[in-house]
Amino acid sequence: MASIWVDSECRIIRTDEQWDTLAEDNNASQLIGEKIKGSLIWKYIKGDAARMFLDALMTRVKISGKPYILHYRCDGPSKAQFMRMMVSRSDDNTFHIEHDLVRTEKISPEISFIEDKEAEEERCAVCGKVHFKGEWFDALTNRRVFGSLEELRTRTVVCEACEPKVYLSNIKEETPH
């Protein structure tokens with residue numbers, strides 16, 4: 001479990017030791033707590049749609065007063081990472097965002113998705129599926145669709161199937177499709 005806390009202005013106020021370990025394990029030492037403390041959380045989230053999605057989740061928690069749990073994907077080139085995020089609000093008006101790695105599965109052959117806001121192909125920030133040649137595909141279960149591609153430029157979005165997860169009705173634990 002890796003945690004990050006943000007204040008009411010969405011500035012990172014602290015992280016835990018597991019956050020730093022997760023950053024180091026993913027070759028992202030630029031994301032350890034001491035380096036990101038004081039920064040707006042939005043600086044570290046790829047794509048406008050993903051930023052708006054987290055903002056909507058935080059607003060949902062603020063309005064409902066209840067924590068929100070979301071299962072999502074955070075894949076690397078060779079592995080699908082199935083994650084669980086819980087967003088909750090503290091009495092001091094800060095948000096606690098907790099990430100748990102639920103499980104991993106190997107993606108073979110490897111494929112890297114490179115963030116490019118000008119890209120034609122889209123990648124969902126929640127379920128991890130890629131909109132490729134007019135359809136949504138999961139790189140884990142449909143790797144052959146991408147052929148011999150070793151990397152694909154994508155822009156981060158929230159797909160239509162995942163959009164309802166931010167609405168204020170039906171507040172419950174959500175899982176990816």
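Each value in this text was obtained by applying a stated rule to the coordinates, not by laboratory testing. Since we're looking at a predicted model, the values are computed, not measured. Here the Cβ positions follow ideal geometry from the backbone for every residue, glycine too, while neighbour counts run over all protein chains shown.
Please build a GNM for the chain, connecting alpha carbons under 10 Å apart, and tell me which residue among Asp55, Asp100, Asp91 fluctuates the most. Looking only at Asp55, Asp100, Asp91, the biggest GNM fluctuation is shown by Asp91. In order along segment 47-54, the Karplus-derived 3J(HN,Hα) couplings, from 6.51 cos²θ - 1.76 cosθ + 1.60 at θ = phi - 60°, round to x, 4, 5, 5, 5, 5, 5, 5 Hz, and Gly and Pro are given as x. Under 24 Å of direct C-alpha separation, and excluding same-chain neighbours fewer than eight residues apart, Lys106 reaches these lysines: Lys46, Lys79, Lys129, Lys133.
Sparse packing (at most 14 other Cβ atoms within 10 Å of the Cβ) combined with a DSSP loop state is found for the following trypsin sites (Lys or Arg not before Pro) in segment 51-120: Lys117. Between Thr104 and Thr59, the modelled labels are 3.5 nm apart [label points 7 Å from Cα along Cα→Cβ]. For Tyr72, the amide hydrogen comes within under 5 Å of the amide hydrogens of Met83, Arg84, Met85, counting only partners 5 or more places away or on other chains and with H modelled in the peptide plane. The magnitude of the dipole of segment 1-159, with charges of +1 and -1 set on the Cβ of Lys/Arg and Asp/Glu and taken from the Cα centre, is near 400 debye.
Based on DSSP H segments of at least four residues, each scored -39500 (n - 2.57), the chain has a per-residue ellipticity at 222 nm of -5000 deg cm²/dmol.
The value of relative contact order for segment 1-150, using C-alpha pairs under 8 Å at least six residues apart, is 19 percent.
Each residue of segment 120-131 is assigned a 3J(HN,Hα), and the resulting list reads 6, 6, 10, 9, 6, 5, 9, 8, x, 5, 10, 7 Hz, derived from the Karplus form 6.51 cos²θ - 1.76 cosθ + 1.60 (θ = phi - 60°), x at Gly and Pro.
Annotation for segment 117-159: GluC sites (Glu not before Pro) lying in DSSP loop with at most 12 further Cβ atoms inside 10 Å of their Cβ are Glu118, Glu120, Glu150.
Phi angles of segment 138-147 translate, via the Karplus equation with coefficients 6.51, -1.76, 1.60 and θ = phi - 60°, into HN-Hα couplings of 9, 5, 6, 8, 10, 4, 4, 4, 7, x Hz per residue; Gly and Pro are given as x.
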